[in-house]
Amino acid sequence: MASRTVLKIAMCVAMATGAAVPAQAAPSAIDTLLSQARYWNAKGRADLARAALNRVLAIDPNNAEARAALARPTAPKAPPKPVAKPAAAPTAPAPAARAPARAKPSDSGGDARAAGFAALNSGKLDVAAARFQAALKVQPGDRDALGGLGLVRLRAKKFAEARDLLTRASAGGNAGKWATALAAAQFYGDMDDARAALNAGRLDQAEQIARRLATSDFKDRDNANLLLGEILSRQGRTSEAATVYAQAGAAGAASSGALRAQAARAQAQQLAATGDLAGAVKAFQTAVAADPSDPWVRYQYAIFLADQGHQGDAAAVIAPLAAMNTPEALYAGALFYDHVGSPMTAAARMAQIPAEQMTPEMREFAITMKTGEAIDRIKAMQAQGNIGGALAGARALAAGPQVSVRTLGAVADLLMSMGDEAGAQALAQRAAAMPLAEPGDYQSVVGVLARSGQDIEASTLIARFGGSADSGAIARLNAVLAANQADRMRLAGQNAAAFDVLRSAYANAPQDHDILGALARLYQGGGMPGQAQQVYAMLIAQKADDVGALSGYAEAAAAARDYDNAGQAIERALTIAPRNADVYLAAARVEQARGHKGAALKYLKQARALAGGDAGLANGAPFEGGNPFANASGNPFAGGAAAAPPNPFALPARPSGGGGGRFTPVGAPLPPVGGGFGPANPFGQLPAARAGGAADPTLARIDREIAALAGEAGSTIEASTSYRNRSGEAGLSKLNQIGATVTASTHIGNAKISASVSPVVLDAGSMSRSGLARFGTNPTAEATGIVNQAVSQLTLADTQHDAGVAASVAITVGALKADVGATPMGFRKTNVEGGASFTPKLGDHVTVGIHGERRAVTDSLLSYAGTIDPVSGLPWGSVMRSGGGGSLSFDTNGSGIYADGAYHRYDGVNVRANRAFEGNIGGYINIYREGGTSVTGGANLNYQTFDNNQNYFSYGHGGYFSPQSFVAVAFPLHYRTEKGNWKAGADFSPGFQSYQQDAVPVYPTLPAAQAQLDTLKGRNTDVRSSYDSLSKSGFAFAGSASGSYRVGGATEIGGEVKYNSFGVYNEFQTLLSIRQSLSGSGK
């Protein structure tokens, strides 16, 4: 009886493990589906396992494994991540139903043991476990009860317990009876150990276990290969993963289709990472063909296509998932549509999944979709100008129960955009302190931390993942961090450091969108629009409907004077996003670069209305070569290390082929994806992403640009008052000037036309007797008195005072400026004055200039207005200078060098003619720049020379500073800041000067009078017949301070003070102004 009992137990064990029941070979499709069912059961996805098993029964209605598996309950677990199907152990085979053996009278635990096997065969695992445990209480060493309980644990997927119990049952000569079951328990237990190590981030341990299982002779070792491939993929070793998948599939594994799919998918990821887009497409096609039922292979392929700008092909790849109508397929489709900016379609896919079949991950995503809708409503309030309501809504959303890391990051990003930096930081820090979620959930969190300067916190957060996360996802987080760091450095003027940060991050995340975007902004802000244009083209090649990249491309092309391509890019951006304020802002800047300021102002007003809620190098290597912000001998921002030799892969200043070609930003097309998917259509296949509401900072930026441009592009009236005080001798060189100017300007086409009137009052005061003796022809009377030893009979002069009204008209068309007018009418002499200049740019950094002019010399009342000789009654003075010059400058990133030179001829009424040359050479560097504040420092060398000295006030002299040699070295420091409606600036320029004036006759234009003085000089050496030569050297200083405040959008008030001690006199000036735009603010 005992032998028969043992025989029956052995038959149960054999059938439970599938060792003694021969099965007819099933078709490969059934094998694949059964493998998938075992995989999904092991992953806790009973819903997907049932779907696969039902498909088996549709092919083979009598399939025993499928029927048995469907008959037993399984508890769902957390779902897998939406990536390639991971490997896991299938469920252990169910024991076949067999009647238990009857126990012998001497076998006190036999009845319980037999009842246990009966319950086991009936699928009553709890009853079977209780019966076996009862038998073990009677006989603790009962190996049959241990084995039976081991089978229960094996069926319950408690593989570690099963492994222990079956090992004990196999001791003492019973190894053969339980060998097959023990092998299954050991295999699946080790699979669990490997999976646990993988989930805990112990990738090396997981790999070691998986490799051992993959090389075992267990029949389900293909699942170990799937797991090994997943581990290698998580480590970023996609090439090795592809090899594992391919070798397993070639060996004829039961799930060879799934293995081939995973091999091809891993190969596609590897090829995409190396930039072989065509090869990636072919590999993805192979993956889909090998396992067309795998929703995640399709998901990854569709995401790849969409990110390359081929939305039409992507939609065709993902479309079959809707027909599958399984929860996993619908979920994968929803994730895709959410990724491409179609939340409505994504929500519709999620609504098709029955609530009872939703996994926790699916439910979390559905909640995220609802959260996205709430965020959209908050953005709508923000766009309508209801910032208070938007802030309240965002804070309430973050305060809700069980808020996810992703939601906290999105809300933090929203708060940051509305200016609540402290609130955004608090939410980002809260998210960073929560238990780790998926790396992709932290992109907004890392971005907020980086934008607020918390680089250490962001780096610490990323480091928490260690080696447990997908290396690509970690590289993505590091890319977000680097892009935000670089943006912050760029705004601070640290362009060289920003470039190095981006280049380092790019090595780990090639073609990353954020890194390329930050690089494009860096090039643009650094005065390298040609390179910026090429990087923006790379971004557009990745995603053809990227409105931000199209707008950036347009601005960069316009700055590079590639106006045709700039216009085409803006036209495309407006087609895609006709209600996006940032696109209109970019359009305004393009028009402004073209010199069409009227059109620019119109675009700005459209941008304001929308924001306020009122109605060549597609596959290049952008970081190759040296740092372009470092000069040939080193980095001017970061030190003196020698630059790397030129690299042929470095970006040129202009796209290859020049800028005159047709706008083709999408780059080379991908190969056809096959399968009747159709050609790519980047615009018409999927709904475009909804334009988000403009943030309050956007409104402020638009308002500032409107206000700045309204004065240039619209009609304005400006009124100012000024005061100038020049030190010197009363009645002669001293001067007080009070003036006012009213200017009206408007635009006609591309030309700005303005007209000004300027009343002026000059006052030099009354002369002392000493001054009178050197004024007009009074020096003769002084000399006669000296010779005659009598009081000189000097002729008194009136107080030196004059007034008049100047007028002028001016026109500006692009780089050409011209004006014509008259010196103040009412002065003793009115002269025509005016000038013209042309300052075009040659390339991105070089500006040349030429100018010609005829202007009044305003050093003194004599030189400016002219006066009357009190002795003869003859006029003299009213000096004009006529001439021109040229200039050349080179500027990059706010630093540069320049040189200019000018020649003038001086002439006036009864004044000796003069000629002068002046030259300047200098350089400057950007010392500090962050936000609206900048500091620039430099050095300047000035040289002047005049033919003769005219710096006196006797008849024939002009009364203006005219040294025969003047040299000044100055070290200017410029400060500018802008915050809100305020602008302020200050200039400080200390230096040294040295000048020399020749001796000159008293009467340079009266030979007879000069001869008389020379004769009197011969009779008495005290007579002054000439002015002595003079030289002087010493410290000098020039400085100014200015400020303005914008009242509303159309009025600006401002003021300025200046001081200058360079030259022979000290001069102080003040100015108060008010400017009114007749075009308004555009609000």
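Any read-out appearing in this document is the output of simple, stated calculations on the displayed coordinates, not a laboratory observation. Model, not experiment: these values are computed from the prediction. FYI the Cβ positions are ideal-geometry reconstructions off the backbone, even for glycines, and counts take in every protein chain you see.
Using the Cβ-Cβ distance between ASP564 and ASP798 with R0 = 51 Å, the FRET efficiency computed as 1/(1 + (r/R0)^6) comes to roughly 0.20.
Working from label points 7 Å from Cα in the Cα-to-Cβ sense, the ILE748 to ASP276 distance is 6.6 nm. Placing a label point 7 Å from the Cα of ALA913 along the Cα-to-Cβ direction, the residues of segment 824-859 with a backbone N closer than 17 Å are 854-855.
Each label point was placed 7 Å from the Cα along the Cα-to-Cβ direction; for VAL846 and ALA422 their separation is 5.3 nm. Available extension along the chain between ALA818 and ASP900 is 27.6 nm, counting 0.36 nm per residue and deducting the alpha carbon span. The TYR1045 and ALA492 beta-carbon pair, evaluated with R₀ = 25 Å, returns a calculated FRET efficiency of approximately 0.45. Can you tell which of THR839, GLN1069, VAL742 lies farthest toward the positive end of the dipole of segment 714-1077, using +1 and -1 charges on the Cβ of basic and acidic side chains (Lys, Arg; Asp, Glu)? In segment 714-1077, that residue is VAL742. In a fully extended conformation the segment linking SER715 and ASP1028 would gain 107.3 nm over its present Cα-Cα distance, using 0.36 nm per residue.
Among the listed pairs LYS1032/LYS1058; LYS817/LYS1058; LYS605/LYS817; LYS597/LYS752; LYS597/LYS817, a Cα-Cα separation exceeding 19 Å is found for LYS1032/LYS1058; LYS817/LYS1058; LYS605/LYS817. One decimal place: the segment LYS1058-GLU930 gains 43.5 nm when fully extended, by the rule 0.36 nm per residue minus the C-alpha distance.
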